[in-house]
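**Student:** Here it is, the structure, as structure tokens.
The values are calculated or read from the model by the stated rules, or taken from the named source; none is laboratory data. Keep in mind the model is a prediction, meaning the values are calculated, not measured. With ideal geometry, Cβ positions are generated from the backbone for all residues, glycine too; neighbour counts draw on all protein chains shown. Note: areas computed on protein heavy atoms with side chains; ligands, DNA, RNA excluded. Shrake-Rupley method; radii C 1.70, N 1.55, O 1.52, S 1.80 Å.
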Amino acid sequence: MKYRCHLYRQTFRFKEPAGTSRGVYLEKKSYIVELTDNAGRRGLGECSPLPGLSCDDLPDYEEILKDCCNLVCVTGRTDFDEMRPYPSMTFGLETAVRHLEAGSFRLFDTAFGRGEAGIPINGLVWMGTYKEMYARMEEKLRAGFRCIKIKIGAIDFDDELRLLAAIRERFAPEEVQLRVDANGAFAPAEAMRKLEALHPFGIHSIEQPIRAVWRDTNAADPWRDMARLCRESPIPIALDEELIGANRIEEKRALLDAIRPQYIVLKPSLHGGIQGVTEWVEEARKRNIGSWITSALESNIGLNAVAHLAARLYGDDITMPQGLGTGALFTENHRVPVELRGDRMWYIG
């Protein structure tokens, strides 16, 4: 046996409710994986599915995770086809192996990992009342963020337009980049009207305007509505939920070829871990589709791994803001050598 494994269940509580169009998160449950080897080396990873969203959010999650841990412990490998249906488990185990082999939380040798370069990130504004969202938006702008991502789709649409107008009255698109994330809140029949209403505010992109349906339908053309929007939308469209469940390379290629989005947004815990996200980025590049990486409400253990993966995939001079601003969401967190300075994430190990 190459490794020994211990699992720890842990609940992380949000400082403030994290609202999306799908509901409100008050806490996040994870499994922390600890691998050790005969030399006494230790590696930590985080398996953290999103309830009701992850394709591996299953009733027998812990039993499947134990089987995956045993497979990795016996072989030392994480690249099994049998693990592809379980992206959050794969990501946690990949992270633990990388941590153990690297001997530190610097998972890859990059400028970020050497502390020589920070990664630009977006400031995230969770849903709430208009007053709450406005205050959060102001807080991000005061902190120096020049890319603001606003969750939309849960309050009155006119109020959401007012929020965007408040930014554009003060900052041009060249000064502050605006992203919006609908989390599938728009009905297909109304989506184009809302996209046209958003267009005057110089929106960089909108994530998942309509609900992802391809895994839930037997329709002959499940990607028709999303593909049409990507062709006709005045705002570039970024897919994220749509990618969930496309775990095999053939499925990824088919989805990208059918929909042809302008961007994809990748969360290792949802989209295949380190190996799976690497495949997504490579296939997107072949099709001139842009991408960026975000965390999926992991603790600092998962966040650190996501940041190092972004640095490895996008090089030492990342210009596209990534979605790594979730480390300060929880009342308690693991101590990991990453910190936020202004609108950049730095590794300080």
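**Student:** For a quick check of your reading: which helices (runs of 4 or more DSSP H) sit entirely within the stretch 226-341 and have at least 3 residues that are without any contact (Cβ under 8 Å) to a residue 60 or more places away in the chain and touching a Lys or Arg at 6+ places or on another chain (Cβ under 8 Å)?
**Tutor:** Details: elements: 249-259, 273-286, 300-314.
Because the criterion is at least 3 residues that are without any contact (Cβ under 8 Å) to a residue 60 or more places away in the chain and touching a Lys or Arg at 6+ places or on another chain (Cβ under 8 Å), the helices (runs of 4 or more DSSP H) in the stretch 226-341 that meet it are 273-286.
**Student:** In the stretch 170-202, what residues are within 16 Å of Lys140 (Cα to Cα) and charged (D, E, K, R)?
**Tutor:** Correct list: Arg170, Glu175, Arg179.
**Student:** Checking Ile32 against (1) within 15 Å of Val97 (Cβ to Cβ); (2) modelled with pLDDT under 95, which single condition isn't satisfied?
**Tutor:** Condition not satisfied by Ile32: (2).
**Student:** Quick one: how many residues across the stretch 136-145 are acidic (Asp, Glu) and open to solvent by less than 50 Å² (accessible area, probe 1.4 Å)?
**Tutor:** Going residue by residue through the stretch 136-145, those that are acidic (Asp, Glu) are 138-139.
Cutting the leftovers down to open to solvent by less than 50 Å² (accessible area, probe 1.4 Å) gives us 138.
Selection size over the stretch 136-145: 1.
**Student:** Kindly list, by first and then second residue, each pair from a residue in the stretch 108-129 that is hydroxyl-bearing (Ser, Thr, Tyr) to a residue that is open to solvent by 10 Å² or more (accessible area, probe 1.4 Å), limited to pairs with Cβ atoms under 6 Å and residues at least 6 apart or on different chains.
**Tutor:** If the second residue must be open to solvent by 10 Å² or more (accessible area, probe 1.4 Å), the pairs left are Thr110/Arg312.
**Student:** So, of the residues in the stretch 193-232 that are polar (S, T, N, Q) and open to solvent by 30 Å² or more (accessible area, probe 1.4 Å), which turns out to be modelled with the highest pLDDT? It would help to see each step written out before you state the result.
**Tutor:** Just the residues of the stretch 193-232 that are polar (S, T, N, Q), to begin with: 205, 208, 217-218.
Now drop any that are not open to solvent by 30 Å² or more (accessible area, probe 1.4 Å), which leaves 217-218.
On the way: Thr217: 64, Asn218: 67.
Among them, the one singled out is Asn218.
**Student:** Tell me which residues, restricted to the stretch 246-269, are open to solvent by 10 Å² or more (accessible area, probe 1.4 Å) and not β-branched (Val, Ile, Thr).
**Tutor:** If we filter the stretch 246-269 for residues that are open to solvent by 10 Å² or more (accessible area, probe 1.4 Å), which is where we start, we get 247-251, 253-254, 257-258, 260, 262-263, 267.
Once the filter is applied, which keeps residues that are open to solvent by 10 Å² or more (accessible area, probe 1.4 Å) and not β-branched (Val, Ile, Thr), the stretch 246-269 yields Asn247, Arg248, Glu250, Glu251, Arg253, Ala254, Asp257, Ala258, Arg260, Gln262, Tyr263, Lys267.
**Student:** Could you check how many residues of the stretch 146-173 are in contact (Cβ under 8 Å) with a residue 40 or more places away in the chain, part of a loop (DSSP other than H, G, I, E, B) and open to solvent by 10 Å² or more (accessible area, probe 1.4 Å)?
**Tutor:** Kept after step one, since they are in contact (Cβ under 8 Å) with a residue 40 or more places away in the chain, are these residues of the stretch 146-173: 146-147, 149, 151-154, 157, 161.
Among the residues that remain, those that are also part of a loop (DSSP other than H, G, I, E, B) are: 146, 152-154.
If we keep only those that are open to solvent by 10 Å² or more (accessible area, probe 1.4 Å) too, we end up with 146, 153-154.
Residues meeting the conditions: 3.
**Student:** Ok, one more. I'd like to verify a number: residues in the stretch 116-135 that are over 17 Å from Gln322 (Cβ atoms), open to solvent by 10 Å² or more (accessible area, probe 1.4 Å) and not charged (D, E, K, R), how many?
**Tutor:** Going through the stretch 116-135 one residue at a time, the tally reaches 7.
**Student:** Looking only at the stretch 54-74, count every residue that is farther than 26 Å from Glu250 by Cα and open to solvent by 30 Å² or more (accessible area, probe 1.4 Å) and tell me the total.
**Tutor:** The total comes to 7.
**Student:** Any residue that is part of a helix (DSSP H, G or I) and either in contact with a Phe, Trp or Tyr (Cβ under 7 Å, 6 or more places away or on another chain) or at pLDDT below 95 (or both) - is there at least one of those in the stretch 95-115? Break it down into steps so the answer makes sense when it comes.
**Tutor:** If we filter the stretch 95-115 for residues that are part of a helix (DSSP H, G or I), which is where we start, we get 95-102.
Adding the requirement that they be either in contact with a Phe, Trp or Tyr (Cβ under 7 Å, 6 or more places away or on another chain) or at pLDDT below 95 (or both) leaves 99.
Yes: one or more hits.
**Student:** Right, another one. Residues of the stretch 270-283 being small (Gly, Ala, Ser) and open to solvent by less than 10 Å² (accessible area, probe 1.4 Å), which ones? Please lay out each step first, then the result.
**Tutor:** As a first pass, look at the stretch 270-283 and keep what is small (Gly, Ala, Ser): 272-273, 276.
Residues satisfying the conditions are Gly273, Gly276.
**Student:** Just to check your reading of the model, which residue among Arg77, Arg4, Arg13, Arg41 is surrounded by fewer than 17 Cβ atoms within 10 Å (Cβ to Cβ), closer than 17 Å to Thr326 by Cβ and charged (D, E, K, R)? Even if it seems obvious, please write down each step before you answer.
**Tutor:** Details: Arg77 fails: closer than 17 Å to Thr326 by Cβ; Arg4 fails: closer than 17 Å to Thr326 by Cβ; Arg41 fails: closer than 17 Å to Thr326 by Cβ.
Only one candidate qualifies: Arg13.
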